[in-house]
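Below is one structure; the comments refer to it alone.
The values are calculated or read from the model by the stated rules, or taken from the named source; none is laboratory data. Keep in mind it's a predicted model, so treat the numbers as computed, not measured. A quick note on method: Cβ atoms are made from the backbone with ideal geometry, for glycine too, and the neighbour counts reach across all protein chains shown.
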Amino acid sequence: MSTDGLFAGTGAYYARFRPGYPQAFFDDIIHRFALDGTGRLLDLGCGTGQLTVPLARHVAEAIGLDPEPDMLAQARTAGVGNVRWVHAGAENLPPDLGRFRLVTIGRAFHWMNRTQVLNALTGMVESNGGLVIANDGCMALASTPWQHAIEDVQRHYLGPHPSSSPQPEPHEAVLARSPFNNITKVTHEFERTWTPDQIIGYLYSTSLPLHRLLGPRRPAFERDLTNALLALNPEGHFLEPVKLQVLIARPAVQTLTRGAGNGRISRS
């Protein structure tokens, strides 16, 4: 599935309101792939750089690739000198990108033709390298009373959600058929704190074109959502329980990189 146009006009909201990743996640990846200031990073579906920018300081060169020009325009404002931002889809990788120690995909793999992307990456990843696919879901998916309140207000303004489409095949199953079939799973559990303004900004950053669908009703929507949230917690702070699911995928036969111990990586 292509993301072309899905995130048009959301770049500013994405850059400001999309949450980053916890330091424990970065520390683990830096250790596993011995990111010591050498090597190269490719971040596919990079958005505004939530993975690219923090990891860039641990590699010699990073490339952030995304099909949405608005996202890349925001990413460039970070001013990181060793990052090159490339306008392209993950299925159409430019032939001159070179080889990489690490390829990352954050919150974007489900939008891609996964098999095509994995096949294209086969000759682009160094022998001691691999892939990291990280996903922590959507803040607006209801699991707490305040998330149910978001759902209720959106339903009031937009009507019921369309019937759910069939669930895609799990990422792990797609990886298992690919050249990157030595898979380690890691889960980071933590909490995020949101305010009503941050929640509204996040909702405007998603592929649902809420900003356009609401049109002149935006002020009323923002008022009603804020009131619904504050009715649950007048202090205006809302805790989201987060599970960051990380798949670390390497070629089937491979030893760990320096700094990460010796021996085979076992599948978990």
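Is there a residue in region 80-100 that is at pLDDT 95 or above, buried (at least 19 other Cβ atoms within 10 Å of the Cβ) and more than 24 Å from Tyr13 (Cβ to Cβ)?
yes
If Gly64 satisfies every condition in (1) in contact with a Ser or Thr (Cβ under 6 Å, 6 or more places away or on another chain); (2) closer than 18 Å to Tyr13 by Cα; (3) not basic (Lys, Arg) but one, which is the exception?
Among (1) in contact with a Ser or Thr (Cβ under 6 Å, 6 or more places away or on another chain); (2) closer than 18 Å to Tyr13 by Cα; (3) not basic (Lys, Arg), the lone unmet condition for Gly64 is (2).
Kindly indicate whether Asn182 is among the polar types (S, T, N, Q) and without any contact (Cβ under 8 Å) to a residue 12 or more places away in the chain. Please lay out each step first, then the result.
Details: among the polar types (S, T, N, Q): yes; without any contact (Cβ under 8 Å) to a residue 12 or more places away in the chain: no.
No.
Return the total of residues in region 149-203 being hydroxyl-bearing (Ser, Thr, Tyr), within 24 Å of Gln116 (Cα to Cα) and not in a loop (DSSP other than H, G, I, E, B). Give the steps one after another, and end with the answer.
First, the residues of region 149-203 that are hydroxyl-bearing (Ser, Thr, Tyr): 157, 163-165, 178, 184, 187, 193, 195, 202.
Filter once more, keeping what is within 24 Å of Gln116 (Cα to Cα): 165, 178, 184.
Filter again for not in a loop (DSSP other than H, G, I, E, B), leaving 184.
Qualifying residue count, region 149-203: 1.
How do the pairs read when you match residues in region 189-202 that are touching a residue at least 24 places away in the same chain (Cβ under 8 Å) and at positive phi with residues anywhere that are buried (at least 17 other Cβ atoms within 10 Å of the Cβ) and in a loop (DSSP other than H, G, I, E, B), using Cβ under 6 Å and keeping only pairs 6 or more apart or on different chains?
none
Looking only at helices (runs of 4 or more DSSP H) that fall completely inside region 1-110, which ones have 3 or more residues that are hydrophobic (A, V, I, L, M, F, W, C) and in contact (Cβ under 8 Å) with a residue 40 or more places away in the chain? Quick ask: steps written out before the conclusion?
Details: elements: 11-17, 23-32, 52-56, 69-76.
Helices (runs of 4 or more DSSP H) meeting the threshold: 11-17, 23-32, 69-76.
Need the failing condition index for Ile133 against (1) over 18 Å from Leu247 (Cβ atoms); (2) under 21 Å from the mean Cα position of the chain (by Cα); (3) of a type outside the set (S, T, N, Q), just the number.
In the conditions (1) over 18 Å from Leu247 (Cβ atoms); (2) under 21 Å from the mean Cα position of the chain (by Cα); (3) of a type outside the set (S, T, N, Q), Ile133 misses (1) alone.
Any chance you could count how many residues in region 212-268 are part of a loop (DSSP other than H, G, I, E, B), at pLDDT 95 or above and out of contact with any helix residue (DSSP H, G or I) (no Cβ under 8 Å at 6 or more places or on another chain)? So that I can check it myself, show each step before the final result.
Within region 212-268, the subset part of a loop (DSSP other than H, G, I, E, B) is 233-237, 251-254, 256-263, 265-268.
Narrowing further to those that are at pLDDT 95 or above: 233-237.
If we keep only those that are out of contact with any helix residue (DSSP H, G or I) (no Cβ under 8 Å at 6 or more places or on another chain) too, we end up with 234-235, 237.
Going through region 212-268 one residue at a time, the tally reaches 3.
For residues in region 189-218 being buried (at least 17 other Cβ atoms within 10 Å of the Cβ) and over 24 Å from Glu68 (Cα atoms), which is nearest to the chain's Cα centre (by Cα)?
Trp194
Which pairs have Cβ atoms under 8 Å, sit 6 or more apart or on different chains, and link a residue in region 119-142 that is among the acidic types (Asp, Glu) and surrounded by fewer than 17 Cβ atoms within 10 Å (Cβ to Cβ) to one that is modelled with pLDDT of 95 or more and in a strand (DSSP E or B)?
Between residues of region 119-142 that are among the acidic types (Asp, Glu) and surrounded by fewer than 17 Cβ atoms within 10 Å (Cβ to Cβ) and residues that are modelled with pLDDT of 95 or more and in a strand (DSSP E or B), the close pairs are Glu126/Phe100; Glu126/Arg101.
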